[in-house]
Amino acid sequence: MSEAWSYIQNGATQGPVPQEALQDLLASGKVGWDALVWRQGLADWTQAGALPELRVVPPPPPAPPGALAPPREGGAVQAAVVDALRATRPWVRFMGVLGILGTILLVVVALVFLGMTQGPLRGMPAGMRVVLPGIYLVMAAFQVPPVLFLNRYASRITDLLRDGSPEALAEALRAQKSFWRYVGIMTLVVLCLYALVAVVGIGAAVFMGGMRRF
């Protein structure tokens, strides 16, 4: 509970008033810092300026340009987390840009193969000349989602560094989660394909071995 204070103004005793009210009067100049004040626990009337408990803590100075903005409602993002993501962002952006270039290269190679009628592909069956570019296009299509997730992750880190809000951190982590979820799903798909190929290969070998006995 706030302390109750009395003070002397123009020769008359005023109050008691809550400590916050007295602090407001002192800060506004309506009561001078040389005014005598008293509360329970003080031995005698004392000048307000001599009591540190009555001085209001000044607001922090404005942040310099480019500094992390004050946290919004909901709490601050720890500086260690921000520093770690700041160091991560260049690499995430690098991998995202590299993924974009790789996707473009795959599409270009597919289109070049489709347009080649002479050279190395001349003796290749017509079906293979279509299948091979199709494989490159499928590879490019599978590469698009993780590239988008990586670039979104880097952009959300930039938002976090700009405003320092927990919401920006949550968006960055959601983009990271989407990236790793996609990578995990694709890894499971590839492992299943490997297992299927292995089972088919073993089955074919057993079948061929059995046929030779006859």
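The values are calculated or read from the model by the stated rules, or taken from the named source; none is laboratory data. Predicted, not measured: the structure shown is a model, and the values here were computed from it. Virtual Cβ from ideal backbone geometry, glycine too; neighbours counted across all protein chains shown. We work out accessible area using only protein heavy atoms, side chains counted, and drop any ligands, DNA or RNA first. Shrake-Rupley method; radii C 1.70, N 1.55, O 1.52, S 1.80 Å.
When segment 12-37 is filtered for residues that are among the aliphatic types (A, V, I, L, M) and either open to solvent by 50 Å² or more (accessible area, probe 1.4 Å) or over 51 Å from the mean Cα position of the chain (by Cα) (or both), the ones remaining, listed by number, are Ala12, Ala27, Ala35, Leu36, Val37. Each residue in segment 33-50 was checked for being part of a loop (DSSP other than H, G, I, E, B) and either β-branched (Val, Ile, Thr) or more than 17 Å from Gln9 (Cα to Cα) (or both), and 4 of them qualify. Among the residues of segment 10-27, how many are small (Gly, Ala, Ser) and farther than 17 Å from Pro52 by Cα? Qualifying residue count, segment 10-27: 3. Residue check: Gln176 meets all listed conditions (1) open to solvent by 40 Å² or more (accessible area, probe 1.4 Å); (2) within 17 Å of Ala79 (Cβ to Cβ); (3) among the polar types (S, T, N, Q) but one, namely (2).
If the condition is being surrounded by 19 or more Cβ atoms within 10 Å (Cβ to Cβ) and under 14 Å from Gly96 (Cα atoms), then segment 152-173 contributes Arg152, Tyr153, Ala154, Arg156, Ile157.
Return the residues of segment 184-207 that are open to solvent by less than 80 Å² (accessible area, probe 1.4 Å) and either in contact with a strand residue (DSSP E or B) (Cβ under 7 Å, 6 or more places away or on another chain) or within 25 Å of Ile157 (Cβ to Cβ) (or both); say none if nothing qualifies. It would help to see each step written out before you state the result.
Here is the first cut: in segment 184-207, the ones open to solvent by less than 80 Å² (accessible area, probe 1.4 Å) are 184, 186-187, 189-190, 195, 198, 201, 203-205.
Correct list: Gly184, Met186, Thr187.
For Arg181, the requirement of being surrounded by fewer than 14 Cβ atoms within 10 Å (Cβ to Cβ) and at pLDDT 90 or above is met. Considering segment 67-115, the residues that are in a loop (DSSP other than H, G, I, E, B) and open to solvent by 50 Å² or more (accessible area, probe 1.4 Å) include one that is modelled with the highest pLDDT, namely Gln78.
Is it fair to say Leu169 is assigned to a helix (DSSP H, G or I) and under 34 Å from the mean Cα position of the chain (by Cα)?
Working: assigned to a helix (DSSP H, G or I): yes; under 34 Å from the mean Cα position of the chain (by Cα): yes.
For Leu169, the condition - assigned to a helix (DSSP H, G or I) and under 34 Å from the mean Cα position of the chain (by Cα) - is met.
Just to be sure before I move on: is Trp45 surrounded by fewer than 16 Cβ atoms within 10 Å (Cβ to Cβ), among the aromatic types (Phe, Trp, Tyr) and at pLDDT 85 or above in the structure I sent? Lay out the reasoning, then the answer.
Working: surrounded by fewer than 16 Cβ atoms within 10 Å (Cβ to Cβ): yes; among the aromatic types (Phe, Trp, Tyr): yes; at pLDDT 85 or above: yes.
So Trp45 fits the description; yes.
Please find, among Leu132, Leu121, the residue that is over 30 Å from Leu169 (Cβ atoms) and modelled with pLDDT under 65.
Values: Leu132 fails: modelled with pLDDT under 65.
Checking each option against the conditions leaves just Leu121.
Cβ separations smaller than 9 Å between residues 6+ apart or across chains give the following pairs from segment 25-50 residues that are in contact (Cβ under 8 Å) with a residue 24 or more places away in the chain to residues that are part of a helix (DSSP H, G or I) and not aliphatic (A, V, I, L, M): Leu26/Gly49; Ala35/Gly49; Arg39/Gln19.
Look at Gly210 and say whether it is out of contact with any Lys or Arg (no Cβ under 7 Å at 6 or more places or on another chain) and surrounded by 10 or more Cβ atoms within 10 Å (Cβ to Cβ). Show your work before the answer.
Numbers: out of contact with any Lys or Arg (no Cβ under 7 Å at 6 or more places or on another chain): yes; surrounded by 10 or more Cβ atoms within 10 Å (Cβ to Cβ): no.
Answer is no for this residue.
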